[in-house]
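Notes to accompany the following structure.
Derivation of every value follows stated rules applied to the coordinates shown; laboratory data play no part. Treat the numbers as computed from the prediction; the structure is a model and nothing was measured. Neighbour counts run over all protein chains shown; Cβ positions are idealised from the backbone, glycine included.
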Amino acid sequence: MSESDFEIIRRAQTGDDAAFCLLIEKHARRVYRLAFSFCRNAHDAEDLSQEVWLKAHKSLKTFRGEALFYTWLRQILIRTFLSHRPRAETVCFDEFLFAENTFAEHAERKILADKVRQALSELAPQQRLMFLLKHEEGMTYEEIAREFECSSGTIKKSIFRTVHKLRQHFGVNLTLTIL
Amino acid sequence: MHDCPKIQEKILDLVLNEIEPHEQKLLLDEVGSCALCRAELESFEQTLALYDRTAELTQPTTAEWQIYESNLQRRFAGETRSPVSFWQQMFFGTVKVPAPVLAAAALFLCGAAFFAWRPIKSDPPPQFNAETAPATTSAQNPLSILTEVKEPAEKTPEKQTEKIVVREVERVVTRKIYVVKKPNARDQSKTVFRETAAEAPDSSPLNLAEFKPVPPAAPTVIKENKP
């Protein structure tokens, strides 16, 4: 942890809200991206990320600085994500598809987004989160297994199933290339 | 010897960087030597690349990020106001109460205030008039033991009247007490209270041998004239 991070966290722990806002600025996008990938809905993602930050603020005094701040925050994030209930059954993945794009680009993105949504919606929240933590957060199987309190073999199988499902939905075929 | 199922098990680990660097080269050599394994590797890479592209395309714009961050900070600032002291919270703090509970509490308070402050009417006790009061009998009056008894005029040197209000039946009855003063000095101070039954004939002489003490009715004496 850099000295500046440590100093910001120490100030935030003493009740300095401005310091905590600095922490938010630093990590908010990462938390939001993960929340959005997890729930596939902009409103839910916003609620979820805000909940993560509020929980982090409440339990900030328990942070002892033994790990990186984001590592500590990620533990809160995982617990919050798994206890989260979406506000509606309908999910909307293409809310951030930009209006200034051409029709062809828009259509391509929409198709891709639908495929990802379909693939991920067929997975259990835990399975989805395992894949996101591996692929987007770059955590190792052991780290994820520690968070979920299961074996790394279970994590590996779960991620394999997720990638396999995504492959099916994307329609990626095995193309044999002859040397 | 190339073992496709075994190699393919490790392909995803290779794509997800779960293979040690020294194993990676060996595995890549193995995969390169088999078309099927190479196809498997490419399909995994392609799948994850498509996923990444989708995630990239669906990210918010810079303007949307700014809105999101300002929303987050505003909400956060609202949730974490400066802590107020206990007394400030006691006197100026707001408590969320459900509307029905609040309405019921307000009704209760209004009712309590009405009953507490309403004027209490204190009716004066009715004055008993011996001349105008109707004569009561034991059949009419259940409290016949306390009914008026008239004694011969010659035997009543002093007459006392007291009002007894029996609260239970809200009825005012009058008891006349005759004090018989005998000429004997020893018995001069002796006072006899007599409360007879109504059926006793008025003209019968006073028989003190049959005197019985008044049962403990515990009436409330409001006013008493002492000799």
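Things to note:
- Sorted peptide list for B:45-54, B:107-116, criterion being average Cβ within 10 angstrom, highest first: B:45-54, B:107-116
- For the pair the stretch B:6-76 and the stretch A:37-71, the centres of their Cα atoms are 24 angstrom apart.
- Ranking of B:MET1, A:MET139, A:MET130 by count of other Cβ atoms within 10 Å, fewest first: B:MET1, A:MET139, A:MET130
- Other protein chain C-beta atoms within 10 Å of residue C-beta, averaged over B:35-47: 4.
- Estimated distance in nm for a label pair at B:ARG53 and B:GLU69, the labels positioned 7 Å out from Cα along Cα-to-Cβ: 3.0 nm
- Peptide-level mean, for A:51-61, of C-beta atoms on other protein chains within 10 Å: 1
- Legend: mean number of C-beta atoms from other chains within 10 angstrom of residue C-beta atoms, peptide B:55-64, equals 6.
- Net +/- balance of residues flanking B:ASP52 in space, Cβ distance below 11 Å, scoring K and R +1, D and E -1: -2
- Residue order, fewest to most beta carbons within 10 Å, for B:ASP3, A:ASP44: B:ASP3, A:ASP44
- For B:ILE177, nonlocal amide neighbours, meaning residues 5 or more places apart or on other chains whose placed amide H falls under 5 Å from its own, are B:GLN160, B:GLU162.
- Given A:LYS55/A:LYS115; A:LYS110/B:LYS10; A:LYS61/A:LYS156; A:LYS26/A:LYS134; A:LYS26/A:LYS61; A:LYS134/B:LYS6, the pairs whose alpha carbons are separated by over 27 Å: A:LYS55/A:LYS115; A:LYS110/B:LYS10; A:LYS61/A:LYS156
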